[in-house]
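See structure below.
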There are 2 protein chains.
Amino acid sequence: MVKDDRYFMKQALKEAKKAISRGEVPVGCVIVKDNEIIARSYNKRDQKKDVLGHAEIGAIQKANKKLNAWILEDCTIYVTLEPCLMCAGAILQSRIKRLVYAAKEPKFGAVESVARVLDNDAWNHKIEVTGGVLEEESSVLLKSFFQKLRMSK
Amino acid sequence: MVKDDRYFMKQALKEAKKAISRGEVPVGCVIVKDNEIIARSYNKRDQKKDVLGHAEIGAIQKANKKLNAWILEDCTIYVTLEPCLMCAGAILQSRIKRLVYAAKEPKFGAVESVARVLDNDAWNHKIEVTGGVLEEESSVLLKSFFQKLRMSK
């Protein structure tokens, strides 16, 4: 099996589905180094009552632990939804090499939708960004989650 | 004793000094609700090998725990250094009411120095920001830390 962006995004979508079964907004994330997944996580914000419960933050912390370092050089982060300001900042702070995401986030997306915070030459680190990988799959997952949520209310 | 911005920033500076004794960049933070400190933290990034070790993140997580909620409405966060992108994002996500900081951060400051990421009417939450409270005290602490670090190398 070819381990390309679509392959790793499918793994992130698997994580997102775990969030659904716990009643959380389905967002999943994996971090890849040398073509291997070194960390996986999904959104746990409400469950943990912790604003740091976003999928990206959980995955970054696991990768920090795995590598015993706060710098995640040569890593790629795959996330099913465009990162918010906090997560974009955490990705920048970690010096992750590449960010790949699926769906856009029209209200909080800080990479292209509401702001483009990573596009600033003054930062000491430049991240390669690819959006739209398996966008449709992620959007369908999110829409169906919110639809069910509305129906249950 | 009057519990004003200077009072709470002094408490944040106390936290920053704890970081020094552990060989970490001296940044400290307190979160205040109803005129009482509900969370304190200081920078532990290198010690914890965790990019989420910044003072603000530690304090936000403690406040989330204390209030058993990820929303920190009606809270003020005092931090001795201008927040980076990640921390500014975490403050926004937490819906903290007010941010007060001491010194500017010329390389990573995302509130006024390198970027002004909180100044975006598209965010669903507006934070009141006050910079420069006990700026001198915080700058002296930081400068003396880096001076000693250079001398020890």
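The values are calculated or read from the model by the stated rules, or taken from the named source; none is laboratory data. What you are looking at is a predicted structure, and each value in this text was computed from that prediction instead of being measured. With ideal geometry, Cβ positions are generated from the backbone for all residues, glycine too; neighbour counts draw on all protein chains shown. What goes into the accessible areas is simple: the full protein's heavy atoms, side chains included, and nothing from ligands, DNA or RNA. Shrake-Rupley method; radii C 1.70, N 1.55, O 1.52, S 1.80 Å.
What the table below lists for this structure:
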| read-out | value |
| --- | --- |
| Simple Cβ-charge dipole of the protein assembly as shown, Lys/Arg +1 and Asp/Glu -1, about Cα centre, in debye nearest 20 | 1200 debye |
| Within the accessible area of the protein assembly as shown (1.4 Å probe), percent carbon and sulfur | 48 percent |
| Helix runs (DSSP H) in chain B reaching 24 Å along axis by Cα, Kyte-Doolittle at least -1.0 | B:5-21, B:135-152 |
| Heavy-atom surface of segment A:1-78, accessible at 1.4 Å and reported per residue (Å²) | 47 Å² |
| Pair residue B:48, residue A:65: separation of 7 Å Cα→Cβ label points (nm) | 1.3 nm |
| Net dipole in debye of segment A:82-151 [+1 Lys, Arg Cβ; -1 Asp, Glu Cβ; about Cα centre; nearest 20] | 240 debye |
| DSSP beta bridge pairing in chain B, given as percent antiparallel to the nearest 5 | 60 percent |
| Sequence-separation-based contact order of chain B, relative, with Cα cut under 8 Å and 6+ spacing, percent | 19 percent |
| Dipole of the protein assembly as shown, positive end: most advanced residue of A:129, A:86, A:152 [Cβ charges, Cα centre] | A:152 |
| Geometric extent, Cα atoms of the protein assembly as shown - Rg, Dmax (angstrom) | 19.2, 68 |
| At 1.567 mPa s and 4 °C, Stokes diffusion of chain B via Kirkwood alpha-carbon radius, µm² per second | 85 µm²/s |
| Estimated inter-spin distance, residue B:107 and residue B:6, nm [label 7 Å along Cα→Cβ] | 3.2 nm |
| Cβ-derived FRET efficiency at R0 51 Å, residue B:126 paired with residue A:14, nearest 0.05 | 0.85 |
| Distance between segment B:29-94 and segment A:74-131 - C-alpha centres, whole angstrom | 22 Å |
| Accessible-area ranking of A:128, B:24, largest first, probe 1.4 Å | A:128, B:24 |
| Accessible area buried at the A-B interface, both sides summed, 1.4 Å probe (Å², nearest 100) | 2800 Å² |
| Dipole magnitude of segment B:26-153 about its Cα centre (Cβ charges: Lys, Arg +1; Asp, Glu -1), debye to nearest 20 | 660 debye |
| Amide H contacts of residue B:130 (H built 1.01 Å from N, under 5 Å, at least 5 apart or other chain) | B:99, B:100, B:101 |
| Antiparallel DSSP beta bridges within the protein assembly as shown, as percent of all bridges there, nearest 5 | 60 percent |
| Shielded residues, segment B:49-63 - accessible-area loss of 50 Å² or more between chain alone and all protein chains, probe 1.4 Å | B:49, B:51, B:52, B:61 |
| Diffusion constant of segment B:1-71 at 10 °C, which comes from Stokes-Einstein with the Kirkwood Cα-pair radius and 1.306 mPa s, µm²/s | 129 µm²/s |
| Ellipticity estimate at 222 nm from DSSP helix runs (n ≥ 4, -39,500 (n - 2.57)) divided over the protein assembly as shown, nearest 500 | -12500 deg cm²/dmol |
